[in-house]
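Heads up: the structure comes next, in structure tokens.
The values are calculated or read from the model by the stated rules, or taken from the named source; none is laboratory data. It should be emphasised that the depicted structure is a prediction, and the values quoted were computed from it without experimental measurement. Here the Cβ positions follow ideal geometry from the backbone for every residue, glycine too, while neighbour counts run over all protein chains shown. Just the protein is used for accessible areas: all its heavy atoms, side chains included, with ligands, DNA and RNA removed. Shrake-Rupley method; radii C 1.70, N 1.55, O 1.52, S 1.80 Å.
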Amino acid sequence: MSLKLTFFGAARTVTGSKFVLRTRKASVLTEFGMFQGHRKKAFEINSRVPQAALNADAMVFSHTHIDHSGNIPRLVADGYKGLIYATPATIDLAKIMLLDSAEIQERDVEYVNKKHARRGEPLVEPLYTVEEAQTAAKQFLPLHYHERRELARGIHVTFYDAGHILGSAQVLYEIDGRRILFTGDLGQPDLPVVRDPERVPDPDVIISESTYGGRVHPPVEEAKECLQKILQDAYDRKAKIVVPAFSVGRTQSLVFVMHQLMDEGRLPQMPIWVDSPLSLEATGVFRKHPECFDDETREYLDQDKDPFGFFRLRYVKTVAESKALNDIKGPCVIIAASGMCEGGRVVHHLKKIVPDEKNLVLITGFQAPGTLGRRIVEGAEVVRLYGEEYPLNCQVEVLNEYSAHADQNDLLEFFRAYNPKKVKQVFLVHGDEDQSKALAEAVWELGYENIQIPEVEQTFDIR
Ligand SMILES: [Zn+2]
């Protein structure tokens, strides 16, 4: 039976994940992520919803990072009518994350339009509204790990733990005797809070992420020491520390580790503000899904009952409270959305802290090219925040370990678990080209033969 696979995003780049599997009788869409990059270009790409995605009979998404599922409301608003499957924890988180994203967009657009109106420039629109995010959530349907389900005629799906963030899944499709495995994003073994990635039995085709396909992270304990040192130095300087965070997942991992460091007396107490309107609710979802935790977190939960450090955290809800943070003195930590600094409250905090050399921007996740986050990582001398220039004098530290992503060693460990002679095709996605290529070479050395790095809109026959 003919089976075709088309990639519509996250091809030779990290963000905007979406692909469609199509037989003669049915088709299924996997992921509908947001493309992140320069504002105008990103808006243009995210506004164009491929017809094949709109026409799919069913949709599946692997986890709640914005580059994998952040544009679902736009898909539904443009006419997608089918069900949207994910694990129960992912669905609970997605409802919050998509509302968060819609709110950030509405607020940013309001802010930007005020300036545009003053200058007589054309007004901009959000990709989707809060209302559209709420409507999209009505099509969500939870499916537990290891529960096999027919999504569309002749297409079955089963979720396995990806060990990346709460609820994250590897997606196994079974279509006409062929087993097609999509890794979603794979976590590192020993990552705080979540379990290690599972081994999925005998795939014929593997579609793998390659975000850190050519890089190796230091071990988790080393990362913890590194975080401790960075925070201690910043504390001694009385710095305001701003951590741009993806509002779901990473905030909780980071808070978990800071909380441990303070409990162990390895770090002085300092206030941690979480300025992301819906992060508190996301943390509530974590507490609702202990079935997704690893043993260490369960143990910690048993002893402490408060692994996400509620008593230390101060959540900021209103814009007025957020603005009040501008005037408080360091040392303190402000965790604010969004992760690549492209919008949201973090931009307002950056405006205040970047000119002063004692302050610190702590980057904990992958920053896509063209985003403000990337320019900060690359050490730009000046950054543009909402159209105005600010000198980037403050300290910048990058901790990729909390990116929750497998590195090259972890990815090779994943590939080593399978027999290369039995896997007929490998597709490497979710990586900048150099990372995907580095992984392709290493995977080839393991004995895998048919390895592709797809281009956007490229279609492949699945054998
Ligand atoms: Zn992810």
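Annotations for the structure displayed:
- Identity of the residue in segment 380-395, under 19 Å from Arg345 (Cβ atoms) and open to solvent by 30 Å² or more (accessible area, probe 1.4 Å), that ends up nearest to the chain's Cα centre (by Cα): Arg384
- In segment 56-82, the residues that are within 14 Å of the ligand (Cβ to nearest atom) and closer than 18 Å to Ala152 by Cβ: Phe61, Ser62
- Residue count, segment 15-28 (criterion: open to solvent by 10 Å² or more (accessible area, probe 1.4 Å) and within 17 Å of the chain's Cα centre (by Cα)): 1
- Within segment 92-105, the set of residues being within 16 Å of the ligand (Cβ to nearest atom) and under 14 Å from Ile165 (Cβ atoms) comprises Leu93, Ala94, Ile96, Met97.
Okay, residues lined up against (1) crowded, with 17+ Cβ neighbours inside 10 Å; (2) in contact with an Asp or Glu (Cβ under 8 Å, 6 or more places away or on another chain):
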| residue | (1), (2) |
| --- | --- |
| Tyr128 | yes, no |
| Ala133 | yes, no |
| Tyr145 | yes, yes |
| Ala152 | yes, yes |
| Asp190 | no, yes |
| Gly214 | yes, yes |
| Pro218 | no, yes |
| Glu225 | no, no |
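- Only a single item in (1) at pLDDT 95 or above; (2) more than 15 Å from the ligand (Cβ to nearest atom) is not met by Glu221, and it is number (1).
- Gly163 within 16 Å of the ligand (Cβ to nearest atom), touching a strand residue (DSSP E or B) at 6+ places or on another chain (Cβ under 6 Å) and assigned by TED's automatic domain parsing to the domain that holds Gln452: yes
- No other residue among Glu397, Glu381 is in contact with a Cys (Cβ under 9 Å, 6 or more places away or on another chain), away from the ligand (no atom under 16 Å from the Cβ) and charged (D, E, K, R) apart from Glu397.
- The listed residue being within 16 Å of the ligand (Cβ to nearest atom), part of a loop (DSSP other than H, G, I, E, B) and open to solvent by 40 Å² or more (accessible area, probe 1.4 Å), out of Pro201, Pro197: Pro197
- For Phe32, the conditions (1) touching a Leu at 6+ places or on another chain (Cβ under 6 Å); (2) on the phi > 0 side of the Ramachandran plot are fulfilled apart from (2).
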